[in-house]
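The values are calculated or read from the model by the stated rules, or taken from the named source; none is laboratory data. Only a predicted model underlies this, so the values are computations on that prediction, with no experimental measurement involved. No Cβ is skipped: glycine too gets one built from the backbone with ideal geometry, and neighbour counts run over all protein chains shown. Please note that ligands, DNA and RNA were not included when accessible areas were found on the heavy atoms of the full protein model with its side chains. Shrake-Rupley method; radii C 1.70, N 1.55, O 1.52, S 1.80 Å.
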Amino acid sequence: MTQTGSTAALRPTRRLSRDAIAARARALGPWFHNLDLHGVRTAPDHFLGDYPAVKWRNFVHALPDDLTGKSVLDIGCNGGFYSIEMKRRGAARVLGIDSDEDYLAQARFAAEVLDADIEFRRLSVYEVGAIGETFDLVIFMGVLYHLRHPLLALDLIRTHAARDLLLFQSMQRGSTDVFEAAADYDFWQAEQFDDPGWPKLHFVEQRYAGDPTNWWVPNRACVEAMLRSAGFVVAAHPEPEVFLCRCTAPDAGAAAELPNLGARPPS
């Protein structure tokens, strides 16, 4: 494998001093992505360690080394880690979207420091149809469980944004078993719902890990079932929470008319 993940792959045309980078990074904090901005770490005391790089190393091999000529949409881009990594692999167009303007400010700054030609826009996943284009690769990492309407989000991604590949990750809890469900069940047959491997989407009414946006936590079977239902087939499962999927036909029920969700003006 070529060293496409090296920071040497992005060369700044105008390098800020280390002190200037550090001062600006502090002003934009706190950061969730621990980025390396020419020796300045944006979240050196992250509770998950060197995150998300420590997770990225577990599935970096699942994506093509060379994305030359490809387009990438990074949904919930946060501080821009994955957008920047895709640019390092030569992607021709990278668009990062997030609903949080603070994260977008961080991502724009990181891209500026690393001279990465990446577009960032304030949009939610429910507004992907307003982008008006499809992408070779859609990244949907760490977003599903923050959504009030997670299956709708997957349907919208498949309908409006994904052309070939989807890189998906979600926090999971419960059994890692996958129940082999029958095509149909009698109305009075209910024991299958108690099987640990039955697809389950656990609802969080109040908070989980102190976060009021942690609405749903699926088990593995639920993740795979939701992906299939929305029109994705799992091509690789390189890490317990990560799935690389290809586009396929969605379930018949997903063909129902989706809501017309407008977009904010570009920002």
Which listed residue is open to solvent by 30 Å² or more (accessible area, probe 1.4 Å), within 30 Å of A20 (Cα to Cα) and at pLDDT 95 or above, from D117, D98:
D117
Any pair with Cβ under 6 angstrom, 6 or more apart, that starts in region 101-120 at a residue that is closer than 17 Å to M86 by Cα and ends at one that is assigned to a loop (DSSP other than H, G, I, E, B) and of a type in the set (S, T, N, Q):
D115/T13
Among A92, A110, the single one that is more than 15 Å from the chain's Cα centre (by Cα) and buried (at least 24 other Cβ atoms within 10 Å of the Cβ) is A110
Going by what's in this entry, would A8 be described as at pLDDT below 95, assigned to a helix (DSSP H, G or I) and open to solvent by 30 Å² or more (accessible area, probe 1.4 Å)?
yes
If I filter region 193-205 for residues that are within 25 Å of L48 (Cβ to Cβ) and touching a residue at least 40 places away in the same chain (Cβ under 8 Å), do I get at least one hit?
yes
Looking at (1) part of a loop (DSSP other than H, G, I, E, B); (2) among the small types (G, A, S); (3) more than 29 Å from D155 (Cα to Cα), find the lone condition where A27 falls short.
(1)
Could you list, in sequence order, all residues of region 146-165 that are open to solvent by 30 Å² or more (accessible area, probe 1.4 Å) and farther than 18 Å from C247 by Cβ?
H146, R148, H149
One residue is enough: does region 67-81 have a residue meeting the conditions surrounded by fewer than 18 Cβ atoms within 10 Å (Cβ to Cβ) and at pLDDT 95 or above?
yes
Without any contact (Cβ under 8 Å) to a residue 12 or more places away in the chain, closer than 21 Å to M171 by Cβ and not hydroxyl-bearing (S, T, Y), is that true of R57?
yes
Scanning region 168-182 for residues that are open to solvent by 50 Å² or more (accessible area, probe 1.4 Å) and either at positive phi or out of contact with any His (no Cβ under 8 Å at 6 or more places or on another chain) (or both) gives G174, T176, D177, V178, F179, E180, A181, A182
The listed residue being open to solvent by 20 Å² or more (accessible area, probe 1.4 Å) and modelled with pLDDT under 95, out of L48, L28
L48
Pairs needed: first member in region 27-45, farther than 14 Å from Y103 by Cβ; second member anywhere, part of a loop (DSSP other than H, G, I, E, B); C-beta distance under 6 Å; at least 6 residues apart or different chains.
R41/N34
Wholly enclosed strands (runs of 3 or more DSSP E) of region 53-153 bearing at least 2 residues in contact with a helix residue (DSSP H, G or I) (Cβ under 7 Å, 6 or more places away or on another chain) and closer than 21 Å to P218 by Cα:
135-141
Filtering region 31-45 down to residues that are open to solvent by 50 Å² or more (accessible area, probe 1.4 Å) and more than 13 Å from A107 (Cα to Cα) yields H38, R41, P44, D45
